[in-house]
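The block underneath contains the structure these notes are about, expressed in structure tokens.
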Amino acid sequence: MKKIRNKLKNKLNIIILIIVTILVLYISLKDNFYDVIIGFSKMNVLWIIIALILVFGYYSLRALSLYNFVIKFKKTYKYKDILRIVFITQFFDGITPSSTGGQPYQMYIFNKNGIKISDCTTIVIQNFIVYQIALILLGFIAVISNKYLNLFQEVGAIKKLILLGFAINVLVMIALFSLAFLKKINKTIINFIINILSKLRIIKDKEEKTKKINEYIEQFHDSTKVMLKDKKVFLKTILFNFLSLTLIYSIPAILIFGLGNYNDINIFYSIIASAYVMLIGSFVPIPGAAGGLEYAFTQFYGVFISGPVLTLVMLLWRAATYYLGVIIGAILLNLRKKR
């Protein structure tokens, strides 16, 4: 029954994604369709190839990060298998709100391939923590850099959401480390909350729920301790994630270069703008943050380019950084099912 509900939920998410994508395409192209097509025909193919290399570099580095955690528990895992898992993870992240589908898939596939479920949890938690640290580091660099460069004076109210988005990510990081290092306090707080929810009859089986959450806190605590003991892997995986985000954040500038415009933007400005766009994406609870990310992109990159050029770059950026990974992930998932 649960499996059927999950399948229906995924299908509904895909339908929502398709509808929002069609709406975004219509709104983006209704006034300048032919200009966008002409602009695309004039693009330098070499820069498109470079953009695609950066996309695959992003996924390769994400896979390298995950691989470093997986081989601690199963030495026989090959890097190419982890790369395939990362692409399939992108598919599940892409079709679920707030990218919540990828990690359960990773736990499922690692467990199916002989890794204990507790170790699967450890792998996923560790990989999530280092990614979150890299995300915050880049967000911090972007916020501080823009304070001095003042690139987005015309963006207005949406700019204020950046600090909120950055604050949310920092709070998530603080919550993760509090779970790791303040085990007793967390258990006390959780037990208190569960007692209240039980009295309000929101939670039915209080003991079972308390046991499950306490087990999760124990796992989280243990996995973080294991990760921090191996400082070399910890720092290395943060670097892999930092570099992967740097690559994907550079892609809009590469696409703009492909149109022959080398003056209005550089790689560093692109990284700042992309970091801002992704911080906005945390507020959009739709699969792929569809609609919200496109709007944020036009607002921040609209400082550097405008008109059909902005529309074209936005569509190509979205195709390269989101839809390409989802499509490849879907193909690999179906090939795996056939095997």
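The values are calculated or read from the model by the stated rules, or taken from the named source; none is laboratory data. It should be emphasised that the depicted structure is a prediction, and the values quoted were computed from it without experimental measurement. Reconstructed Cβ throughout: ideal geometry from the backbone, glycine too, with neighbour counts over all protein chains shown.
Please work out which one of (1) under 15 Å from the mean Cα position of the chain (by Cα); (2) crowded, with 18+ Cβ neighbours inside 10 Å is the condition Ile168 fails and give its number.
Of the numbered conditions (1) under 15 Å from the mean Cα position of the chain (by Cα); (2) crowded, with 18+ Cβ neighbours inside 10 Å, the odd one out for Ile168 is (2).
With the structure loaded, tell me whether Phe91 is at pLDDT 85 or above, buried (at least 21 other Cβ atoms within 10 Å of the Cβ) and either touching a Leu at 6+ places or on another chain (Cβ under 8 Å) or not in a helix (DSSP H, G or I) (or both) or whether it fails that test.
Answer is yes for this residue.
For the stretch 147-154, state whether one or more residues are at pLDDT below 80 and either within 30 Å of Ile71 (Cβ to Cβ) or part of a helix (DSSP H, G or I) (or both).
Within the stretch 147-154, none of the residues are at pLDDT below 80 and either within 30 Å of Ile71 (Cβ to Cβ) or part of a helix (DSSP H, G or I) (or both).
Return yes when Thr121 is among the β-branched types (Val, Ile, Thr) and outside any helix (DSSP H, G or I) and no when it is not.
no
Which of the residues that make up the stretch 107-119 are in contact with a helix residue (DSSP H, G or I) (Cβ under 7 Å, 6 or more places away or on another chain) and without any contact (Cβ under 8 Å) to a residue 40 or more places away in the chain?
Met107, Ile109, Asn111, Ile117 - these are the residues of the stretch 107-119 that are in contact with a helix residue (DSSP H, G or I) (Cβ under 7 Å, 6 or more places away or on another chain) and without any contact (Cβ under 8 Å) to a residue 40 or more places away in the chain.
Just name the residue that is surrounded by the most Cβ atoms within 10 Å (Cβ to Cβ) out of those in the stretch 128-154 that are touching a residue at least 12 places away in the same chain (Cβ under 8 Å) and of a type in the set (Ser, Thr, Tyr).
Among those residues, the one meeting the criterion is Tyr131.
Would you call Ser28 at pLDDT below 90, small (Gly, Ala, Ser), surrounded by fewer than 22 Cβ atoms within 10 Å (Cβ to Cβ) and more than 15 Å from the chain's Cα centre (by Cα)?
Yes: the conditions hold for Ser28.
May I ask you to say which residue of Thr188, Thr210, Thr237 is at pLDDT 80 or above, part of a helix (DSSP H, G or I), out of contact with any Pro (no Cβ under 9 Å at 6 or more places or on another chain) and among the hydroxyl-bearing types (Ser, Thr, Tyr)?
Answer to the check: Thr237.
Going by what's in this entry, would Lys74 be described as under 20 Å from Val130 (Cβ atoms) and surrounded by fewer than 16 Cβ atoms within 10 Å (Cβ to Cβ)?
yes
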